[in-house]
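The values are calculated or read from the model by the stated rules, or taken from the named source; none is laboratory data. Only a predicted model underlies this, so the values are computations on that prediction, with no experimental measurement involved. Cβ placement follows ideal geometry from the backbone for every residue including glycine, while neighbour counts extend to all protein chains displayed. The area values use the complete protein model at the heavy-atom level, side chains included, leaving out ligands, DNA and RNA. Shrake-Rupley method; radii C 1.70, N 1.55, O 1.52, S 1.80 Å.
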Amino acid sequence: MSQKYRAALAGLGNIAWRFDQKTDGVGIGLTHASSYLKNDRIEIVGGCSPEQEDRESFEKVYNVQSFRTIEEMLTAVKPDIVSICTPAEYHYDQVMFCLKQSIPMIWLEKPPTTSLADLDNLIRENGQPIGRSKILVNYQRRFSESYIWLQSLYKDQTLGACRLIQINYSRGLETNGSHLLDILFFIVGLEGEYRLKWVSDSRSVSPSFALIFQNGFSAFVSGTELPYHNTDIMLTFDSGRASVLYGGVVRRIECKVENDLFPDFYRLAESKIEHTDNGEIQCSMPEALSDLIEAYEDNREPRSSLVTARRTQKLMEEIRSHSIR
């Protein structure tokens with residue numbers, strides 16, 4: 001029989017479990033808790049939060065113990081997996097404590113830390129090339145079919161070589177822009193070295209910026225202060241353009257065709273548009289959890305690890321440093 005695992009959650013806010021109470025998230029896997037519930041190998045055994053109301057609500061829904069601190073929780077329930085869903089400024093200390101307690105699996109919300117130095121310290125503490133504890137950073141779009149589709153078009157050069165990547169995001173660089181930066185590096189791979197060319201308003205919560213990659217193509221990232229999520233990524237190739245729009249809800253292909261009005265000139269024309277169920281969140285968090293468990297059992301790194309998250313952390317730090325020169 002497959003081994004069963006005990007899971008506990010540090011931080012009891014939206015991504016930990018509350019999104020499920022606002023929608024039918026339990027059936028989809030919108031949060032850490034509902035992803036655990038969908039996995040028949042996982043038992044939720046506890047949660048922790050400094051907020052009494054969070055603890056009481058969580059206990060009522062899940063019928064498990066809750067605690068004020070992560071130290072109290074780990075001592076009492078001895079979990080195999082810990083979800084760290086607290087604000088980013090607490091991540092470093094909490095992950096470090098989990099490592100010192102030899103927690104086998106850690107499901108860490110993004111961004112993993114608030115500085116590159118802290119992230120590097122965690123990587124060193126956990127050991128490389130294969131960490132002692134398996135730490136999955138929750139850049140869950142790496143597990144979404146829409147973004148895997150974009151990556152395959154880039155790698156296979158189905159539409160020719162990539163010449164331009166355009167990204168739109170809103171509601172904060174660290175909060176939402178980081179997801180798109182991680183997908184950018186997921187698509188271009190570890191060999192995609194870049195130079196930060198330009199940064200817009202240094203004080204903006206959602207700055208715009210441009211990258212020049214060593215193989216010649218550019219990436220333009222447009223950040224906007226909006227009261228809604230503006231989450232798009234478009235790859236322009238020699239023979240067309242591929243886009244994932246509205247946070248993964250729409251996949252679109254446009255192909256190069258001859259212009260009817262101007263012979264021997266060409267333009268793009270829509271070739272295929274596809275609407276996906278539930279957009280980017282369809283199965284991505286349950287898939288991330290499954291990958292974390294498989295990484296532990298196979299003694300490998302998760303697909304979204306501290307190491308893969310490092311490039312996004314480094315770029316965000318470069319952007320913020322650039323802004324104060």
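A compact table of results
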read-out: Rounded, prolate or oblate (a/c below 1.5 giving rounded, otherwise prolate when a/b exceeds b/c) for segment 1-102 by Cα gyration tensor; value: oblate
read-out: Rg and Dmax of the chain, Cα atoms only, in Å; value: 20.8, 74
read-out: Accessible area per residue, Å², the chain with all protein chains present, probe 1.4 Å; value: 47 Å²
read-out: Nearest 10 degrees, 0 to 90: helix 116-126 Cα axis against the chain principal axis; value: 50 degrees
read-out: Distance cut-off 21 Å, percentage of C-alpha pairs in segment 212-325 lying past it; value: 63 percent
read-out: 222 nm mean residue ellipticity, helices alone, for the chain (DSSP H n ≥ 4; -39,500 (n - 2.57); rounded to 500); value: -10000 deg cm²/dmol
read-out: Over 29 Å between alpha carbons, listed pairs Lys4/Lys314; Lys155/Lys272; Lys38/Lys110; value: Lys4/Lys314
read-out: Environment charge at Gln101 (Cβ cut-off 10 Å; Lys +1, Arg +1, Asp -1, Glu -1); value: +1
read-out: Chymotrypsin sites (Phe, Trp or Tyr not before Pro) restricted to DSSP loop in segment 236-297 with at most 14 other C-beta within 10 Å; value: Phe265
read-out: Helix 306-322 axis, angle to the chain major axis (alpha carbon atoms, nearest 10°); value: 70 degrees
read-out: Helix axis angle, 145-156 relative to the chain longest principal axis, alpha carbon, degrees; value: 50 degrees
read-out: For segment 204-229 and segment 50-103, distance of Cα centres in Å; value: 35 Å
read-out: Label point distance in nm, Val64-Gln128, each placed 7 Å from Cα along Cα→Cβ; value: 3.2 nm
read-out: Accessible area of segment 184-248 belonging to carbon and sulfur atoms, whole % at 1.4 Å probe; value: 53 percent
read-out: Sparsely packed trypsin sites (Lys or Arg not before Pro) within segment 195-260, loop by DSSP, other Cβ within 10 Å at most 11; value: Arg203
read-out: Gain in span if fully extended, Leu164 to Ser2, counting 0.36 nm per residue against the direct Cα distance; value: 53.8 nm
read-out: Residues whose placed amide H lies under 5 Å from that of Gly46, excluding near-sequence neighbours; value: Leu9
read-out: Sulfur and carbon atoms: percent of accessible area, segment 29-116 [1.4 Å]; value: 45 percent
read-out: Modelled label reach - Gln151, point 7 Å along Cα→Cβ, segment 181-198 residues with backbone N closer than 18 Å; value: 181-193
read-out: Antiparallel content of DSSP bridges confined to the chain, in %, to 5; value: 55 percent
